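Step one of this worksheet: look at the structure below.
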Amino acid sequence: MVRVTVVGAFPQFITFIGKVIPFVNENYFGSFIGIVLGSFLILVEGIYDDIWGANYVKKFGFQIAASLVVISFGYKIEFISNPFGENLNLGVF
């Protein structure tokens, strides 16, 4: 039987939160909370997968739920920067 680390991503999650908190100001606090909650959903999915195993449908469902949480808190990507030319504006996307 192969041993699997169950909560390997938990220290990374805590470190990420601890390192980002000092740089969050009041203008971006809502987006930050959305990213934290979305990241927490991905963490929960990883722990669930390590313990019980998750097929691709469950993993994809968690990823969609996490992205919807982040979007619902107002986070959006308006453009993608291009180092060789103009930015790619995403418009309504």
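The values are calculated or read from the model by the stated rules, or taken from the named source; none is laboratory data. This is a predicted model, so every value here is computed, not measured. Quick reminder, even Gly has a Cβ in these numbers, built from the backbone with ideal geometry, and neighbours come from all protein chains shown. Just the protein is used for accessible areas: all its heavy atoms, side chains included, with ligands, DNA and RNA removed. Shrake-Rupley method; radii C 1.70, N 1.55, O 1.52, S 1.80 Å.
The table below lists the values:
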item	result
Percent carbon-and-sulfur accessible area, the chain, ignoring ligands, DNA and RNA, probe 1.4 Å	67 percent
Most mobile of ILE42, ILE14, ILE77 in a GNM of the chain (Cα contacts under 10 Å)	ILE77
Label-point separation, ASP49 to ILE71 (7 Å along Cα→Cβ), nm	2.1 nm
Mean Cα-pair separation over length for the chain, i.e. relative contact order, pairs under 8 Å, 6 or more apart, %	28 percent
The chain, dipole about Cα centre (Lys/Arg Cβ +1, Asp/Glu Cβ -1), debye to the nearest 20	220 debye
Heavy-atom surface of the stretch 1-76, accessible at 1.4 Å and reported per residue (Å²)	76 Å²
Along each principal axis, Cα extent of the stretch 19-93, largest first, Å	45, 29, 22
Most mobile of LYS59, LYS76, LYS19 in a GNM of the chain (Cα contacts under 10 Å)	LYS19
In sequence order, calculated HN-Hα J values of the stretch 45-60 (Karplus, 6.51, -1.76, 1.60; Hz; x Gly/Pro)	4, x, 5, 4, 5, 5, 7, 10, x, 10, 7, 5, 5, 5, 4, 5
